[in-house]
Amino acid sequence: MKPIPFFFSLLAVAASVLSAQQEMPMPPPGPGGPGMMTEERKIVAQFDKDGDERLNHEERTAAREFLKQNPTPRRGPPGGMRGPGGPGGSAEAKPPVPGARISQDSVKPASGDLYAADTLRTFFLEFENPDWETELEDFHGTDVEVPATLTVDGTRYPGVGIHFRGMSSYMMVKAGQKRSLNVTVDYTGKNSGSTATNRSTSSTPTATAHS
């Protein structure tokens with residue numbers, strides 16, 4: 001598996017989210033109701049063949065193929081949200097550029113509370129599939145968590161669950177750019193004794209997958 005490092009800064013995230021909300025006007029209501037909100041689509045029960053209430057690699061592969069053939073209807077303006085680089089967005093929007101490559105050995109573990117607002121930590125996520133971002137996109141808006149191994153401060157947390165969160169904010173961000181992640185630390189029960197807790201957080205990818 002290949003590690004993908006993420007930087008988390010709660011203060012910076014709060015400021016950037018507030019700024020984006022103030023600057024980005026909301027689109028007009030689309031067919032079927034206002035905005036882009038839809039109910040979470042239940043997929044796990046349909047493809048959970050071994051009955052462990054989550055999807056393994058084979059089960060997720062089948063579920064992804066099903067979703068390609070049966071996409072979730074989206075409400076809102078035709079063509080999706082109007083954001084940077086999209087309809088009505090800036091014509092000068094630049095394509096995503098991979099950040100610096102960072103190895104786990106090069107990061108010095110931080111001390112103190114894991115979610116301390118005055119501490120900038122590097123979180124490494126290792127996914128099973130090299131197309132992890134596309135897989136997260138495929139399962140956005142469903143009840144499927146994509147398994148990964150989280151490493152922070154030199155400690156590994158195997159079997160965490162990851163999914164893209166948000167709706168309007170998600171639709172306004174292009175692939176390869178900053179997207180909000182939800183991390184379910186006790187997804188498989190392997191980290192039940194961990195001091196980390198389930199967290200909805202905004203993350204900024206700073207490097208592409210690498211060995």
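Scanning segment 140-154 for residues that are out of contact with any Gly (no Cβ under 8 Å at 6 or more places or on another chain) and in a loop (DSSP other than H, G, I, E, B) returns HIS140, GLY141, ASP143, VAL144, ASP153, GLY154.
The one condition from (1) modelled with pLDDT of 85 or more; (2) touching a strand residue (DSSP E or B) at 6+ places or on another chain (Cβ under 6 Å) that ALA63 does not meet is (2). Residues that are of a type outside the set (Asp, Glu), at pLDDT 90 or above and under 19 Å from ALA175 (Cα atoms): does segment 86-95 have at least one? No. When the criteria are applied in full, LYS49 meets the requirement of being over 22 Å from the mean Cα position of the chain (by Cα), surrounded by fewer than 13 Cβ atoms within 10 Å (Cβ to Cβ) and modelled with pLDDT of 95 or more. Among the residues of segment 103-139, those that are open to solvent by less than 30 Å² (accessible area, probe 1.4 Å) and either assigned to a helix (DSSP H, G or I) or not hydroxyl-bearing (Ser, Thr, Tyr) (or both) comprise ALA116, ARG121, PHE123, PHE124, LEU125, GLU126, PHE127, ASN129, GLU135, LEU136, PHE139. Among the residues of segment 179-190, those that are in a loop (DSSP other than H, G, I, E, B) and touching a residue at least 40 places away in the same chain (Cβ under 8 Å) comprise TYR187, THR188. Quick check on ASP143: is it more than 20 Å from the chain's Cα centre (by Cα), surrounded by 13 or more Cβ atoms within 10 Å (Cβ to Cβ) and not hydrophobic (A, V, I, L, M, F, W, C)? In short, no.
Residues to consider are ARG165, ARG156; find the one that is in contact with a Leu (Cβ under 9 Å, 6 or more places away or on another chain), closer than 22 Å to PRO71 by Cα and open to solvent by 50 Å² or more (accessible area, probe 1.4 Å).
Exactly one of ARG165, ARG156 is in contact with a Leu (Cβ under 9 Å, 6 or more places away or on another chain), closer than 22 Å to PRO71 by Cα and open to solvent by 50 Å² or more (accessible area, probe 1.4 Å), namely ARG165.
The values are calculated or read from the model by the stated rules, or taken from the named source; none is laboratory data. None of the values given here were measured: they were computed from a predicted structure. Because the Cβ atoms are built from the backbone with ideal geometry, glycine has one as well, and the counts that use them run over all protein chains shown. The protein model used for the area step is the full one, side chains on, heavy atoms only, and it has no ligands, DNA or RNA in it. Shrake-Rupley method; radii C 1.70, N 1.55, O 1.52, S 1.80 Å.
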